[in-house]
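Heads up, the thing below is written out as structure tokens.
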Amino acid sequence: MDFPKHSILQALSVMVLAWMLVHCQIPVQPEEEEEEPAKEADNTAVEPIACPSECSCSTEGSVDCAGLDLTEFPEELSENTKQLSLQNNKIKQITVEHISHLHQLETLNLQNNWLTTDGLEDEGFETLEKLAYLYLANNKLTSAPVILPSSLVSADFAANQLIRIYPYTFGQKPKLRSVYLHNNKLTDAGLPDHMFNASDNLEILTMSSNFLRVVPGNLPSSLHRLHLKSNKLEKIPPGVFDSLHNLRELYLQNNLLSNEGMDNETFSQLSSLEYLDLSNNNLSVVPKGLPRNLVLLHLEKNDIQRIPGDALTSVRNLEYLLLHNNKLRSRSIHPTAFQGLKKLHTLHLYNNLLERVPRGLPRRAKTLMLLHNFISEIGRNDLALLYTLTELNLSYNKLTSAKVHRDAFRKLRMLETLDLSGNALQTVPVGLPRSLQVLEIKNNQLSSIPDGALTGMEKLQRLMLSDNQLKLNSVYPGAWMELRALTVSGLERRWSLQVQHLKCT
Ligand SMILES: *[C@@H]1O[C@H](CO)[C@@H](O)[C@H](O)[C@H]1NC(C)=O
Ligand SMILES: *[C@@H]1O[C@H](CO)[C@@H](O)[C@H](O)[C@H]1NC(C)=O
Ligand SMILES: *[C@@H]1O[C@H](CO)[C@@H](O)[C@H](O)[C@H]1NC(C)=O
Ligand SMILES: *[C@@H]1O[C@H](CO)[C@@H](O)[C@H](O)[C@H]1NC(C)=O
């Protein structure tokens with residue numbers, strides 16, 4: 001039968017498209033916006049509100065003067081203004097007269113202007129009885145307003161030069177849910193003792209990139225997220241986190257925290273905490289008393305030399321544990337340290353001082369990153385309990401073929417990706433799992449692929465052998481025939497085999 005060419009092409013392109021939709025999730029073209037039904041013409045009920053020149057105003061009370069290079073606050077704003085957009089201008093001054101009549105104002109956006117504390121007559125804010133959203137990020141304020149209205153829901157003061165907050169800036173605000181104070185110059189002395197007194201609904205507080213040395217106390221128990229990264233924190237006073245039963249995410253990375261600055265109860269009451277980032281601090285031991293519902297724990301980039309047997313026993317729900325860039329040796333990881341971590345699937349131990357695969361690795365691990373250590377041998381049982389492992393990265397260690405036991409990989413029946421690059425292997429190890437899809441042994445001293453080493457690897461899709469000393473006759477006859485899934489796209493000069501897959505770019 002004679003198929004017309006174009007219909008075959010059409011069928012093909014439909015299939016490719018279907019494949020891409022399934023695999024790449026190409027966003028579906030947005031449908032043409034439906035034309036809005038013509039608004040009822042002259043709605044005489046609404047009075048036209050005075051609109052400052054150049055700004056655009058709506059009958060619903062929003063006044064948009066954003067990005068107009070304004071140097072002055074607009075005069076003659078209607079008392080009915082509910083939303084006022086003044087972001088991205090050059091306004092330096094706001095007086096009481098400018099704003100005190102705006103009793104209906106709900107949103108005031110002054111982000112990215114030239115406001116200083118002297119230029120902002122903050123008594124004006126007291127009268128804004130409906131003000132809910134106040135955006136003052138990216139100005140030049142050195143002190144926060146002394147009093148903000150109790151109607152406040154969200155306040156953004158990020159990227160100013162704040163050194164001082166007052167008790168009624170954020171205190172006594174029962175509706176307040178989020179406060180953004182990152183990128184300022186706050187020190188411990190610049191904060192009132194009860195900064196959120198009677199503001200019992202605060203959920204998000206960001207104070208990253210300031211100069212705090214001590215974690216602030218008396219935070220509301222409603223908090224969900226607390227950002228304190230990139231300060232100068234040395235100490236977490238006893239009990240400061242004890243009432244934060246709703247806290248789910250706590251960001252403490254890039255500080256100077258050491259084990260002396262905390263104790264075994266510092267985090268223990270944070271019963272909702274799922275995400276804790278303590279990376280890039282000065283810890284020498286995994287802290288004790290971690291909260292039991294933690295899912296993700298960042299401890300990388302510290303000075304951790306030891307994991308005691310009981311440090312992680314409480315965190316039974318932990319799924320990700322990141323311990324890379326520390327100073328761990330195999331013998332200083334207690335053999336029971338990971339016991340009971342039945343949900344832990346991702347463990348990063350790269351860039352440490354491991355000489356061996358640590359004992360007692362978590363039994364349900366799926367991804368194990370051991371690269372850039374000093375591992376020189378793999379014994380028969382070092383990997384024997386890792387039945388569920390799918391990705392093992394052992395690149396850039398000190399492995400030699402003589403010290404990799406021929407049965408070492410026998411239990412890894414689900415392993416899909418194995419990276420042994422940058423070691424000192426002389427031959428491709430035998431007994432590699434048949435489940436492998438990716439095998440990388442670049443940059444070793446391989447001079448042979450022993451008979452049968454690749455036998456039965458029907459799923460192998462990518463084999464990287466570049467930067468070795470392999471010659472054509474050092475590969476056993478028939479080796480490539482066995483690799484059914486391996487689509488060799490180019491056999492390069494130095495035995496680099498690489499399969500290019502259709503990429504979704
Ligand atoms: C907190 O606010 C209450 C009123 O809601 C007041 O009685 C108390 O003195 C305040 N406490 C502090 C420490 O400011
Ligand atoms: C912390 O240590 C003290 C004394 O070593 C002990 O009494 C207490 O039970 C520990 N608390 C926790 C939460 O482990
Ligand atoms: C890190 O902690 C140790 C004590 O564990 C302390 O001696 C050292 O000064 C700390 N380093 C920094 C930069 O804070
Ligand atoms: C092993 O880890 C290194 C560093 O993250 C990465 O570049 C490499 O691709 C990994 N190997 C595999 C096979 O994924």
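One table, with the values for the structure above:
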read-out: Tally of residues being part of a loop (DSSP other than H, G, I, E, B) and out of contact with any Ser or Thr (no Cβ under 7 Å at 6 or more places or on another chain) across the stretch 398-412; value: 8
read-out: From the options 297, 318, 270, residue that is in a strand (DSSP E or B) and within 22 Å of the chain's Cα centre (by Cα); value: 297
read-out: Yes/no for residue 272 being among the small types (Gly, Ala, Ser) and closer than 20 Å to residue 358 by Cα; value: no
read-out: Qualifying residue in the stretch 155-168 (condition: of a type in the set (Phe, Trp, Tyr), assigned to a loop (DSSP other than H, G, I, E, B) and more than 16 Å from ligand 4 (Cβ to nearest atom)); value: yes
read-out: Residue check for residue 247: under 25 Å from residue 336 (Cβ atoms), surrounded by 18 or more Cβ atoms within 10 Å (Cβ to Cβ) and either of a type in the set (A, V, I, L, M) or touching a residue at least 24 places away in the same chain (Cβ under 8 Å) (or both); value: no
read-out: Test: residue in the stretch 189-204 that is within 16 Å of ligand 3 (Cβ to nearest atom) and among the hydrophobic types (A, V, I, L, M, F, W, C); value: no
read-out: Answer from 238, 335, 287 - the residue that is crowded, with 16+ Cβ neighbours inside 10 Å, free of Cβ contacts under 8 Å to residues at least 60 places away in the same chain and part of a loop (DSSP other than H, G, I, E, B); value: 287
read-out: Exclusive hit being among the polar types (S, T, N, Q), in contact with a strand residue (DSSP E or B) (Cβ under 9 Å, 6 or more places away or on another chain) and part of a loop (DSSP other than H, G, I, E, B), set 111, 104; value: 111
read-out: Count of residues meeting criterion [surrounded by 16 or more Cβ atoms within 10 Å (Cβ to Cβ), within 16 Å of residue 366 (Cα to Cα) and either within 16 Å of ligand 1 (Cβ to nearest atom) or among the aliphatic types (A, V, I, L, M) (or both)] in the stretch 406-424; value: 3
read-out: Residue check for residue 177: without any contact (Cβ under 8 Å) to a residue 60 or more places away in the chain, more than 16 Å from ligand 2 (Cβ to nearest atom), in contact with a Gly (Cβ under 6 Å, 6 or more places away or on another chain) and not hydroxyl-bearing (Ser, Thr, Tyr); value: no
read-out: Test for residue 300: is it touching a residue at least 24 places away in the same chain (Cβ under 8 Å) and within 16 Å of ligand 4 (Cβ to nearest atom); value: yes
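Conditions tested, residue by residue: (1) of a type in the set (S, T, N, Q); (2) without any contact (Cβ under 8 Å) to a residue 40 or more places away in the chain; (3) closer than 17 Å to residue 355 by Cβ.
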| site | (1), (2), (3) |
| --- | --- |
| 370 | no, yes, yes |
| 385 | no, yes, no |
| 391 | no, yes, no |
| 394 | no, yes, yes |
| 409 | no, yes, no |
| 431 | no, yes, no |
| 434 | no, yes, no |
| 455 | yes, yes, no |
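The numbers here are math on the coordinates, done by the rules we state, and not lab data. Everything numeric in this text was worked out from a predicted model, so none of it was measured. Reconstructed Cβ throughout: ideal geometry from the backbone, glycine too, with neighbour counts over all protein chains shown.
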